[in-house]
Amino acid sequence: QVQLVESGGGLVQAGDSLRLSCAASGRTFSSYAMGWFRQAPGKERDFVATINWSGSSTYYTDSVKGRFTISRDNAKNTVYLQMNSLKPEDTAVYYCAATVLITGKSDPRWYDYWGQGTQVTVSS
């Protein structure tokens, strides 16, 4: 069992930066691939980024490439999402998720554990 708790969301202006954190419980964090997803009001939950178990491989949705960076610190049981050059269309609730697979997927159905989400609002 893994419990995930996101933090770091907030209200920012377009062009600003935020860093989201996701703290995981459990001793097996390093064996999970991790992902970040987001859900805007009235929309489906969309894939943002994923990182494999070791942190050596990452993958992003096209709309955030070059602006967002996913990383992890297995010693701290934490995964991060550094978000730069934020745009109003990045406004959403951001969720982190864990999968027992060692390589992450963009399909949320592969993920076994989810956090409660953190709100990110970007004003224009």
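Scanning region 1-52 for residues that are at pLDDT below 95, open to solvent by 30 Å² or more (accessible area, probe 1.4 Å), touching a strand residue (DSSP E or B) at 6+ places or on another chain (Cβ under 9 Å) and of a type in the set (Ser, Thr, Tyr) yields Ser25, Ser30.
Per-residue answers, yes or no, for (1) within 20 Å of Ser124 (Cβ to Cβ); (2) of a type in the set (Ser, Thr, Tyr):
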residue: Leu11; (1), (2): yes, no
residue: Ser30; (1), (2): no, yes
residue: Ala33; (1), (2): no, no
residue: Arg45; (1), (2): no, no
residue: Ser56; (1), (2): no, yes
residue: Lys65; (1), (2): no, no
residue: Thr69; (1), (2): no, yes
residue: Pro88; (1), (2): yes, no
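The residue of region 53-67 that is least open to solvent (accessible area, probe 1.4 Å), among those that are polar (S, T, N, Q) and touching a strand residue (DSSP E or B) at 6+ places or on another chain (Cβ under 6 Å), is Thr61. Within region 68-124, the only residue that satisfies the criterion of being without any contact (Cβ under 8 Å) to a residue 60 or more places away in the chain, part of a strand (DSSP E or B) and open to solvent by 60 Å² or more (accessible area, probe 1.4 Å) is Thr69.
For Ala49, the conditions (1) touching a helix residue (DSSP H, G or I) at 6+ places or on another chain (Cβ under 8 Å); (2) touching a residue at least 40 places away in the same chain (Cβ under 8 Å) are fulfilled apart from (2).
The values are calculated or read from the model by the stated rules, or taken from the named source; none is laboratory data. Since the model is a prediction, treat every value here as computed from it, not as a measurement. Cβ coordinates were reconstructed from backbone atoms using ideal geometry, including for glycine residues, and neighbour counts include every protein chain displayed. Keep in mind that these areas ignore ligands, DNA and RNA; they rest on the heavy atoms of the full protein, side chains included. Shrake-Rupley method; radii C 1.70, N 1.55, O 1.52, S 1.80 Å.
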